[in-house]
Amino acid sequence: MSTDKTLSAEDVVARLRSGMTVGIGGWGSRRKPMALVRALLRSDVTDLTVVSYAGPDVGLLAAAGKIRKLVASFATLDSIPLEPHFRAAREQGRIELMEVDEAMFMWGLRAAANRLPFLPVRAGLGSDVMRVNPALRTITSPYEDGETFVAMPALRLDVALVHMNRADRSGNGQYLGPDPYFDDLFCGAAEAAYVSCERIVDGAELAKGGPAQSLLIKRHRVNGVVEAPNGAHFTSCAPDYDRDEAFQKLYATTPYEELRARFLDGDEQAYQAAVGTWRQQCEDGSGR
């Protein structure tokens, strides 16, 4: 039986349906599966619940009207504190928001990955998290300590989308940067997981490409692999490339419809070409 799980970004999006709950890996403006997000923008899929340590993935999908509800602990571009397209969508009341503490978010993913209905967590107690999320419940330890915890519900996902530095055709994924960003939990919490990567390599090369703990994503969790060079742009994908701060600034200061017409209407190849043209115009002083 073939273990080749390679797909195109369009193949992945063709497996998504409106109304799904989609988890998107990465963190803020770091190692986001942006090529998959851009393919999703080009589809007719909508009415999504998105679960994300949110960055421009959420900003773009919110601006395009793809999101019904967001589950997140923040929405940031890192070097730009608040994601502007998310902010506009939220201020205009276009998306519902479940905002929780970062640790609560992580334990919600961990509960889903372990097929548990919830996990107890101290984070959130004594904060407005409980006030703004009235559906959250607390639970008392059944042991003699009698401590009270937040019962963080499992963040179950229909689909997870993550981006790795390297992957093999069977679905094993490797990160080479400083942080896993919980991408393994996103894959574990999902019914189906899709990994985009900078480069597909042989399994033997993957095994010697970094320390054992860098082999983050296991093939049994993965339904498809997409080779997408520069696929996290404009977010960072260390050590392959840093965040494109100049393009991120353009993104943050440009109305979505203008951004879409200039960079997002075509396929991924057209996007990468348009970014190259913009960069050349900036170098010769003819562009913004």
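Every number here is computed from the coordinates shown, using simple stated rules; none is lab data. Since this is a predicted model, take the numbers as computed values, not measurements. Here Cβ is always computed from backbone atoms with ideal geometry, including for glycine, and neighbour counts include all displayed protein chains.
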Margin query: Suppose the filter is of a type in the set (S, T, Y) and buried (at least 18 other Cβ atoms within 10 Å of the Cβ); does T138 pass it?
Written below: no
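In region 161-206, which residue that is polar (S, T, N, Q) and in a strand (DSSP E or B) is farthest from N114 (Cα to Cα)?
Residue satisfying both the conditions and the ranking: N165.
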Among residues of region 122-160 being assigned to a strand (DSSP E or B) and of a type in the set (V, I, T), the residue nearest to C187 (Cα to Cα) is V159
The residue that is farthest from L185 (Cα to Cα), considering only those in region 216-264 that are out of contact with any His (no Cβ under 8 Å at 6 or more places or on another chain), among the acidic types (D, E) and free of Cβ contacts under 8 Å to residues at least 40 places away in the same chain, is E258
Selection from region 173-199 of residues surrounded by fewer than 19 Cβ atoms within 10 Å (Cβ to Cβ) and touching a residue at least 60 places away in the same chain (Cβ under 8 Å) yields L176, G177, P178, D179, A192
task: Take N165 and decide whether it is in contact with a Cys (Cβ under 8 Å, 6 or more places away or on another chain) and on the phi < 0 side of the Ramachandran plot.
output: yes
The condition from (1) buried (at least 17 other Cβ atoms within 10 Å of the Cβ); (2) more than 25 Å from T21 (Cα to Cα) that E144 misses is numbered (1)
